1. Label the stretch 1-73 by shape, choosing from rounded, prolate and oblate, from the square roots a ≥ b ≥ c of the eigenvalues of the Cα gyration tensor; if a/c is under 1.5 it is rounded, and otherwise prolate applies when a/b is larger than b/c, oblate when it is not.
2. Going by a ≥ b ≥ c, the root eigenvalues of the Cα gyration tensor, does the stretch 190-257 fall in the rounded group (a/c under 1.5), the prolate group (a/b larger than b/c) or the oblate group?
3. Output ³J(HN,Hα) for the stretch 45-60: one whole-Hz value per residue in order, computed from phi by the Karplus curve 6.51 cos²θ - 1.76 cosθ + 1.60 with θ = phi - 60°, and x for Gly and Pro.
4. I need the calculated FRET efficiency for the pair Ser25 and Ala84, taking r as the beta carbon distance and R₀ as 35 Å, to the nearest 0.05.
5. What figure, in Å² to the nearest 10, do you get for the accessible area of Ser237 with a 1.4 Å probe and non-protein molecules left out?
6. Could you work out how much longer the chain between Arg160 and Lys213 gets when fully extended? Use 0.36 nm per residue separation minus the Cα distance between them, nm to one decimal.
7. Given H placed 1.01 Å from N in the peptide plane, which residues other than close sequence neighbours of Ala189 have an amide H under 5 Å from its amide H?
8. Where in the stretch 164-270 are there trypsin sites (Lys or Arg not before Pro) that are in a DSSP coil and have at most 16 other Cβ atoms within 10 angstrom of their Cβ?
Amino acid sequence: MDRIRVLIADDEQAVRESLASVIGSDPSLEIVGTAQDAQGAIDLAAWRLPDVALLDVRMPGGGPRAAAEIARLSPSTRVLALSAVEDRESVLAMIGAGALSYVGKTASNEEILGAIHGTAEGGTQLSPRAVNGVFEAIADTAEGDESSTGNGSSPRRDPREEIERIIERRAVELAYQPVADLETLRVVAVEAQPRFRTRPMRPPETWFTEAAKHGSLLDLELVALTEALGQVEMLPSDASLAVTISLETAASDRFRGLIRGAVLHRIVLELNEHSADHDELPTDALDELRAGGVRVAVRHARSGPWSLRRIVRLAPDLIKVDMSTFREMVADPTGQEPASSVIGFALDIAATVVADGVETEQEVETLRGLGIDLAQGNYLARPGQIPSGGGTWGRTRLSADPTAIAT
């Protein structure tokens, strides 16, 4: 089982060392970096992508600023606020910036470790002395709460109502992760990854799953798609935009209206798992989109929901393969059967394989040896904003200039 990766940020060296000692006592945790101020925490989080960022509320530069920037630059990182002062205002500031949990510096070692584990699992934990009055204050200060309920009641927590709020306010932000040609390290495509501004903070897939349950998936996907399609012109001139979508949304009249006038040959539709529960898939819509130049991708994982039969029926142009399928070969070069099978399958249906989740140079070399041309992952480029004017994808090995080869 992978260890939980933790970032520590506090302006007091003694506190950092103490926390490191506590975290080091738990073999399921791994410290990936320490920082003494907000900017250092932001930079480290963007580089190391920890599972949990343990942030001092009052460090130089401000804990809330660090929490907000980390949420933007590393959406998968969950923030655990840490402070010697357990007051309501500090809790509110950190929660408002995206922190999931809050623990006091006077907490016991067991409480600190429990808070880290709970935060990593997506839970919300607050120090008992900080809890009093917090939720009432959130109700009073939640943006637009009174206008949306009309009576100043507490903020909406029901998933259906929160999804409706996201859709109504278009409360979505996007990070973009490049797909690279492994031979030249050119950016050939960029995947748009949505993140929703919600209380509580939850992974995007959680909200898409809830939307599917409540019949709002089409509306929620179109909110994210509209935002993504507006950025096509900022991409390198020969790069495609990859967006995740359900097959049902792709078949809808509203989606076809949305992309009318778009440069279709620059769009890749990655069909998500919400399409995988249907035996009768409406593939005619894909044929129409392909006729206009759109390409189709599916994700293949050894334990994923897409059966080979369904993949054949969809006839994708690209198959995204999780790096875990190839990773075994790094440790055991003789264990190539799973990867060889999926590569052969892709060749049989004339699809291009894209490796997803590349983390090391060794993995890049393994993929090159297998003849895999395209890949994405944090080793190549982390999710972020699209650079302008030929700039680079911050702290990566790629260039926004499609004619340039990174060194």
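The values are calculated or read from the model by the stated rules, or taken from the named source; none is laboratory data. Note that the coordinates shown come from a computational prediction; the quantities given were computed from them, not determined experimentally. Cβ atoms come from the backbone with ideal geometry, glycine included; neighbour counts cover every protein chain shown. Just the protein is used for accessible areas: all its heavy atoms, side chains included, with ligands, DNA and RNA removed. Shrake-Rupley method; radii C 1.70, N 1.55, O 1.52, S 1.80 Å.
1. Numbers: a/c = 2.44, a/b = 1.27, b/c = 1.92.
Oblate.
2. On the way: a/c = 2.46, a/b = 1.38, b/c = 1.79.
Cα axes put the stretch 190-257 in the oblate bin.
3. The phi angles translate into 5, 5, 8, 9, 6, x, 6, 10, 10, 8, 10, 5, 4, 10, 5, x Hz.
4. On the way: r = 21 Å, r/R0 = 0.61.
Here the calculated transfer efficiency is 0.95.
5. About 100 Å², ignoring ligands and nucleic acids.
6. Values: separation 53, 0.36 × 53 = 19.08 nm, distance 0.90 nm.
The span from Arg160 to Lys213 would gain 18.2 nm if fully extended.
7. Under 5 Å from the amide H of Ala189: Val179, Ser240.
8. Listed in order of number, the matching sites are Arg170, Arg197, Arg260.
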